[in-house]
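Asks: One structure is given below, represented as structure tokens, and several questions about it will come after.
The values are calculated or read from the model by the stated rules, or taken from the named source; none is laboratory data. Note that the structure is predicted; figures quoted are calculated from it, not measured. Cβ sites come from the backbone with ideal geometry, for glycine too, and all protein chains shown count toward neighbours.
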Amino acid sequence: MVEIITDMLSSPLMVRGLLAALLVGISAPIMGTYLVQRRLALLGDGIGHVALTGVAMGWLAASWAGAANQDQWAIPGAVAASIIGSVLIEVVRSWGRTSGDVALALLFYGGIAGGVLLISIAGGTSANLTAYLFGSIATVTSADLIWTFILAALILLVGLGLRPALFSLSYDEDFARATGLPVRFLNIVVAIVAALTVSVAMRVVGVLLVSAIMIVPVAIAQLVCRSFNGTMHVAMGIGASVAVAGLIITYVKPYSPGATIVVLAITIYGVVSIVRPLFHRPAPHHKHEDEADSEFGGQEPCNA
């Protein structure tokens, strides 16, 4: 194992991949914790499909500008499209007459169709989207790593810095409104940060699996933690661990990095689900009190 890690660290390509996987593993579950609490676990999938259109838009813009490397325009395009799409779905969900699941369906279908159409107009083929659909550590460039670091830093800043307000919003929106919090603004903030999370994870796991790295670590953490605060921290640790472990496995075996990371996370979820009842003794508690105490001053321990 030590020799494998040493070999990986001797390769600039693998160092970039490890750093990208670590940043994604830490930052993605932060937003996933809020989405799970709000029962919007599939929002990441919808935004991911819109990000695919953004990738194609970046390709198209690069083609028009005569850029030599069209991939360098892909992530900025994905960020822009993801933010626009996430804000639109929040507007539709909050103020429109279309239900949330219908709005997500529109994002699913429109995102994939728009991406394939625009990439064709840009002179490419659907094969050019494969790395973004399923993720490809081998294509992570220094510019991609810089983008990943910046976006991950923004996610950490907002997700942790605004945690008390976002917790109130996620747990009970009516209560948050009654306490004077700017609910509409915070909803937009959540949508934008979710879009940034998708853009960060896109290169590592791909847009088709991006929601998994946001949600599955949170689902695992919920099995062993009772508090919102504890769930988020444990999920961040799990996300970082499976991302790095999955990349190490794919260094030894020629597997897809994104698929390996997600399957590894789901396997851990299955194992914890089976093992947990053997050690867990349920104790009566009030969920609202536990979560509120943890977030606003107290610290609720994780269940062993």
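Asks: Would you mind listing the helices (runs of 4 or more DSSP H) fully within region 1-86 where at least 1 residues are within 25 Å of G115 (Cα to Cα)?
Replies: Result: 12-37, 43-65.
Asks: Take the residues of region 158-217 that are of a type in the set (V, I, T) and outside any helix (DSSP H, G or I): which is surrounded by the fewest Cβ atoms within 10 Å (Cβ to Cβ)?
Replies: So the residue we want is T179.
Asks: Limited to region 249-304, what total is found for residues that are among the small types (G, A, S), more than 30 Å from S136 (Cβ to Cβ), at pLDDT 50 or above and assigned to a loop (DSSP other than H, G, I, E, B)?
Replies: 1
Asks: Scan region 142-170 and report the pairs whose first residue is over 13 Å from V24 (Cβ atoms) and whose second residue is at pLDDT below 90 and among the β-branched types (V, I, T), with Cβ atoms within less than 6 Å and a gap of 6+ or a chain change.
Replies: V158/V193
Asks: Which numbered condition in (1) surrounded by fewer than 16 Cβ atoms within 10 Å (Cβ to Cβ); (2) on the phi < 0 side of the Ramachandran plot; (3) modelled with pLDDT of 80 or more; (4) under 22 Å from the mean Cα position of the chain (by Cα) is the only one that D101 fails?
Replies: (3)
Asks: Then there is this: Report, by residue number, each residue of region 1-60 that is among the basic types (K, R) and surrounded by fewer than 17 Cβ atoms within 10 Å (Cβ to Cβ).
Replies: R38, R39
This table checks each residue for (1) more than 14 Å from M202 (Cβ to Cβ); (2) modelled with pLDDT under 80; (3) small (G, A, S).
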residue: L9; (1), (2), (3): yes, yes, no
residue: L19; (1), (2), (3): yes, no, no
residue: S27; (1), (2), (3): no, no, yes
residue: V36; (1), (2), (3): yes, no, no
residue: L40; (1), (2), (3): yes, yes, no
residue: V50; (1), (2), (3): no, no, no
residue: G54; (1), (2), (3): no, no, yes
residue: A74; (1), (2), (3): no, yes, yes
residue: V79; (1), (2), (3): no, no, no
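Asks: Next up: For the list (1) within 22 Å of I75 (Cα to Cα); (2) part of a helix (DSSP H, G or I), I need the number of the one condition that S241 fails.
Replies: Result: S241 fails condition (1) only.
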